[in-house]
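Take a look at the structure below.
The values are calculated or read from the model by the stated rules, or taken from the named source; none is laboratory data. Quick caveat, the model's predicted, so the values are computed rather than measured. Because the Cβ atoms are built from the backbone with ideal geometry, glycine has one as well, and the counts that use them run over all protein chains shown. Please note that ligands, DNA and RNA were not included when accessible areas were found on the heavy atoms of the full protein model with its side chains. Shrake-Rupley method; radii C 1.70, N 1.55, O 1.52, S 1.80 Å.
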Amino acid sequence: MHRTWNHARICGRSEGELSSVDSPNSMAKRHYVTTPIYYVNSVPHVGHALTMMCCDVEKRYRELLGEDPYFLTGTDENGLKVMTAAQEAGEDPMAFVDRISETFRVCADLLNVDYDVFFRTTSDQHRKAAQALFERIRDNGYIFQDKYEGWYDISAETFVKESEIVDGKSPDGNEVTWVEEENWFFKLSAFEKPLLDKIESEPDWLLPHTRKNEVVSFIKQGLRDICITRANPGWGIPVPGDETKVIYVWFDALINYLAATGWPDAGWEELWPADVHWMAKEIFTRFHATLWPAMLMAAELPLPKAVVAHGWFVFRDGKMSKSRGNVIAAEELVKYYQEMAGCAHDLAVDVVRWSLIRSFPFEGDTDYSKFEVANLYNSELVNDFGNALNRGLSMAHKFADGVVPDAPIDSEMIAAIEKAKTDYTVYMDGHRLSDAAGAALDLVRALNKYVDDKAPWAMAKNEDPALPSVIRTMLFVCRASEGMLRPVIPAACDAVARQLNLEPLTKWSDIGTEASLPVGTKLNQPEPIFPRLDKKIMEQLKQGDAPAEQPKAEKPVKKDKQKFEPPAEIEFPDFMKVNLKVARVIEAEPVEGSDKLMKLQVKIGDESRQIVAGIKKVYAPEDLIGRQVVVVYNLKPAKLMGIESQGMVLAADDADGNAILLQPDKEAPEGSSVH
Ligand code: MSP
């Protein structure tokens, strides 16, 4: 079916094709992914770009699988705070929202974010759907009139209970205003049990599980009916049949996901229900995991299939925000990698894309800084990825006349590709995007190790007849990695295809097939895709990032260690306060600039955590990966050298005070408690 929108506030990818929901051949349900729609009272930064990137990578992964996904992003424009921001800027609100909304679209376009629709809540389509849904819920008996007397936090656009006010401020620390109005209310309380039943019956509906648990306890505390209208200030969507009121901005904004499908007009089932709503944690519990599904239940409409919340990027003074002045704009980073590293524009964009996905805060929060980005760049894109491609092609030119040789592909690397594909699929399907990219990167690392082990240069010297086989295997793995890395770094993958002199590999089923790299292909010359950032630049970046934090961070570790004297005796309940668990180290990486610290990613049951441990002097990353350790699970997170540590690994001291890690006597189930 084909749908043409009549309003320029809804923008598709290309001019003249405004947000058409095209599916030429059938009405098959399309995989529908969404970001939150962003408030237009602020400028876009890498935090907003992060959620755009989640959806973009998921969309590109679905395309790789041969599906026809649909991706929505856009802007939330009807709130009181948007109107206030326009007034403060001395601008007409409509002109203001047009201007700021455009900056979000520009940010998405800059980062090669392949959205299908950029949806705006000031569009006619949205207004129509929001009013229709309001009416439908009212007709179903879940909206009623009453008087609202209470506090409103304009900044967070939320109603605040008296008991939540601290020092005259809302729980988010914002100013509150007293509101006394006759209003419309939504019977949220009616959905306590249906929501809990849904959560219980579908364990992966709300992800990650740690956040799902927060939702469960939030609902169990009791859901109050909520006020869903405000006095009409001349901005917003009027309540159908009551022009004196506008629909509360959250009630209105959430409807965007449904409105963009064309609902209530025919054809909306082609997209709805959404397959995944992505957002960060602050708008998960109250809005996307409670209010929105309750609204849909009240309207007797299907619920989204998954609601997934990531953590925050934090930088210097906490969550990145314009008011804290710690914002990093994606544009600035792209420019940096063009100018300082000498990357081509589309590859500099890939650097930012890669950094967003690899720093991805799925469970906790992560630091995002220019130095971190540079670390990821040099270690993963330059050392691992660039190196593998460069070695493969250079050696093919040197030892095989620049042609893919006709020789067997090493079964060891065929198995590595299969493993990477399996891991990648599991991670992608579980929305663990950083881990999925990590699985592709592991394949690249396995290739680099394979090359080191085989040492083709020595094979050539010894005239080893297996050399052509090693060369073909190297190129074969480069080709497979091209396919797997494509959703995250598409431009770099195009460059790999160009250097291999092949069409881009765009089908999942082609990854790891002999046909994907035909024997006899004449290869192009290798060209470095990602030039290394030199030490001096790294040093400058390190100085520039979070200058106050670094000296502060290491001190407590030293002090605590020297001074710590355990009390002679403790009571058993004191001991029981410490929750010890068995974990497995999944990744280990030395912290640059520290003699002692190693950054570990550990798995504790289903959960992943990051732990920074003072073991760098004694253990190399390869000694740690795969090893079981014992961790203090309920230790309050702390920052070491600006890196969040979400626990502590247990170790004994040797005679020189160096760490000796504790490890279970034999393999223990991951996550099992230690007592
Ligand atoms: N307009 C509402 C959402 C309505 S959806 C129906 C809103 N807008 S927002 O502009 O504040 O965007 C919040 C979202 O932006 C987060 O949920 C997250 O997706 C993204 N992020 C903004 N800053 C971020 C970080 N520092 N870190 C991670 N994500 C961030 O809330």
- request: Pull up segment 58-84, narrow it to residues that are within 12 Å of the ligand (Cβ to nearest atom) and within 21 Å of P233 (Cα to Cα), then point me to the one that is surrounded by the most Cβ atoms within 10 Å (Cβ to Cβ).
  value: E77
query: Would it be correct to say that R230 is open to solvent by 10 Å² or more (accessible area, probe 1.4 Å), assigned by TED's automatic domain parsing to the domain that holds F191, in contact with an Asp or Glu (Cβ under 8 Å, 6 or more places away or on another chain) and closer than 27 Å to M83 by Cβ?
result: yes
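So if I check each of D346, D401, D452, D384, which one is open to solvent by 10 Å² or more (accessible area, probe 1.4 Å), more than 16 Å from the ligand (Cβ to nearest atom) and outside any helix (DSSP H, G or I)? Can you show your working first?
Working: D346 fails: outside any helix (DSSP H, G or I); D452 fails: outside any helix (DSSP H, G or I); D384 fails: outside any helix (DSSP H, G or I).
Answer to the check: D401.
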task: Could you run through segment 641-662 and say how many residues are among the acidic types (D, E) and either touching a residue at least 60 places away in the same chain (Cβ under 8 Å) or open to solvent by less than 50 Å² (accessible area, probe 1.4 Å) (or both)?
output: 1
task: Please specify each residue of segment 475-515 satisfying the condition of being surrounded by 19 or more Cβ atoms within 10 Å (Cβ to Cβ), within 25 Å of the chain's Cα centre (by Cα) and outside any helix (DSSP H, G or I).
output: R486, P487, V488, I489, L505, I511
Subset of segment 41-57 (residues that are more than 8 Å from the ligand (Cβ to nearest atom) and open to solvent by less than 10 Å² (accessible area, probe 1.4 Å)): A49, M52, M53, C54, C55, D56, V57
message: Can you pull out every residue in segment 4-40 that is open to solvent by 30 Å² or more (accessible area, probe 1.4 Å) and at pLDDT below 60?
response: T4, N6, H7, S14, E15, G16, E17, L18, D22, P24, N25, S26
query: Does any residue in segment 281-308 that is at positive phi come within less than 9 Å, Cβ to Cβ, of a residue that is away from the ligand (no atom under 11 Å from the Cβ) six or more places away or on a different chain, and which pairs are these?
result: E300/R136; E300/N140
- request: Run N326 past the list (1) in contact (Cβ under 8 Å) with a residue 12 or more places away in the chain; (2) open to solvent by less than 20 Å² (accessible area, probe 1.4 Å); (3) within 12 Å of the ligand (Cβ to nearest atom) and report the number of the one that doesn't hold.
  value: (1)
query: If we only count helices (runs of 4 or more DSSP H) wholly inside segment 62-180, which ones have 1 or more residues that are within 26 Å of A330 (Cα to Cα) and modelled with pLDDT of 95 or more?
result: 93-110
field: Among the residues listed as E339, E331, E282, E243, the single one being within 13 Å of the ligand (Cβ to nearest atom) and charged (D, E, K, R)
entry: E282
Residue ID - nearest to the chain's Cα centre (by Cα), chosen from residues in segment 642-667 that are part of a loop (DSSP other than H, G, I, E, B) and at pLDDT 85 or above: Q646
message: Against the condition more than 14 Å from the ligand (Cβ to nearest atom), farther than 16 Å from F159 by Cα and assigned to a strand (DSSP E or B), how does E300 come out, does it pass?
response: no
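Can you find a residue in segment 268-275 that is outside any strand (DSSP E or B) and open to solvent by 50 Å² or more (accessible area, probe 1.4 Å)?
Scanning segment 268-275, I find at least one residue that is outside any strand (DSSP E or B) and open to solvent by 50 Å² or more (accessible area, probe 1.4 Å), so the answer is yes.
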query: What pairs come up if the first residue lies in segment 571-592 and is free of Cβ contacts under 8 Å to residues at least 60 places away in the same chain, the second is open to solvent by 60 Å² or more (accessible area, probe 1.4 Å) and polar (S, T, N, Q), and their beta carbons are under 8 Å apart, counting only those six or more places apart or on different chains?
result: K577/N634; V578/N634
